[in-house]
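What follows is a short report on a single structure.
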Amino acid sequence: MQCFNPSFVAKESTYDRTTAESQWESQNPLGMQTVSQFESPLWPLSVGDSVLGSIDEEAMSGRWYPANITAKNPDNTFDLTYTNGEESTDVERQHIRKLDFAGDLTIEEVVFVRKVGVDFDFFYFGTVLKKMQNKKYKVHIKNDIGLVDDIVDQEDIAYISVPSKVSCTTLKAMLQKAVASTDYTGEDKLEVQGAGDGCIATALWSKGSAVASWDGGDHINLNLFTFEEDKQIHEKVVETFMMNSSFGRVFQNQHPRGSGRVVNFKQEMNS
């Protein structure tokens with residue numbers, strides 16, 4: 001029998017025995033990172049359309065409820081009447097999706113998955129993982145608890161129509177405008193290059209950096225870093241980036257960045 005010789009043997013001295021408090025104090029926050037995901041250019045809406053409405057102010061998670069549009073307001077918000085008779089007024093466009101049930105779906109397509117509620121049905125965001133037999137799909141669903149995989153009938157899946165008008169040229173222009181909102185143009189360090197069916201645009205400036213990627217279809221990602229921990233600056237960059245665009249924000253997360261196992265922002269360390 002051939003003996004196995006491990007390449008490394010862990011000893012008691014190998015483990016980091018630094019106290020949790022010491023590890024916390026060793027972190028050195030240097031800035032803030034915001035990761036945002038956008039998807040599915042949004043179709044124009046009209047009174048009478050069947051839609052899904054979100055009551056989540058961030059429009060990035062939670063339940064979406066079937067409704068009909070009852071009014072379109074001058075500020076481009078909408079009034080909705082839900083299937084249970086409840087009403088919402090002045091709903092922003094990013095909180096509304098047109099309701100269309102799916103035909104054949106493709107892998108990694110973003111969809112809505114219908115769930116049966118006590119009073120009326122609602123929908124969660126999901127991503128198609130695999131086509132099964134008998135018109136069923138395996139879907140990665142973002143529900144109230146977290147992320148789960150489930151087998152779903154095709155009749156319970158609504159798809160998201162994509163009238164995409166994005167190009168590598170427009171992606172670069174979007175990022176340039178967003179960077180300019182920080183009072184620095186960054187034109188001399190703004191680049192774009194093809195990647196698969198889409199492209200990647202990068203920007204470097206004295207206050208930070210940003211990377212925008214487009215998959216050639218219905219997804220755009222924006223990864224923003226600044227040395228200044230200012231949520232208002234980050235939100236202004238994100239909003240400027242998507243200004244006059246029909247894409248909707250579906251996910252966003254913010255993290256401290258630095259050295260020494262950073263888990264807190266600098267302002268939290270000093271509080």
With a 27 Å threshold on alpha-carbon distance, the violating pairs from K236/K266; K98/K130; K177/K231; K115/K236; K172/K231 are K115/K236
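Sort W64, W205 so the one with the fewest other Cβ atoms within 10 Å of its own Cβ comes first. Intermediate values should be presented prior to the final figure.
Working: W64 24, W205 19.
The fewest-first ordering by Cβ neighbours comes to W205, W64.
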Work from the charge dipole of segment 50-159 (Cβ charges, +1 for Lys and Arg, -1 for Asp and Glu, about the Cα centre) and give the residue of I141, T81, V128 farthest towards its positive end. V128
Report the rotationally averaged projected area of segment 1-51 based on its alpha-carbon convex hull, in square nanometres. 12.5 nm²
Helix 168-180 versus the longest principal axis of the chain: what is the Cα-based angle in degrees, 0 to 90, to the nearest 10? 70 degrees
Averaged across orientations, what area in nm² does the convex hull of the alpha carbons in the chain project? 22.9 nm²
Given segment 50-159, report the % of alpha carbon pairs whose separation exceeds 18 Å. 49 percent
Average projected area of the Cα convex hull of segment 201-271, in nm²? 6.1 nm²
Neighbour-count ranking for T83, T182 (other C-beta within 10 angstrom, fewest to most) reads T83, T182
Pull up all non-local amide H partners of K115: gap of 5 or more, or a different chain, and H-to-H distance under 5 Å with H placed in the peptide plane. F122, F123, Y124
Taking DSSP loops as anything outside H, G, I, E and B, show the longest stretch in the chain free of GluC sites (Glu not before Pro) there with at most 15 other beta carbons within 10 Å. 109-227
Cα axis of helix 231-241 to longest principal axis of the chain: angle in degrees, 0 to 90, nearest 10? 50 degrees
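Here, each number is a calculation from the coordinates, and none is a lab measurement. Predicted model, so just to flag it, every value in this text is computed and none were measured. Quick reminder, even Gly has a Cβ in these numbers, built from the backbone with ideal geometry, and neighbours come from all protein chains shown.
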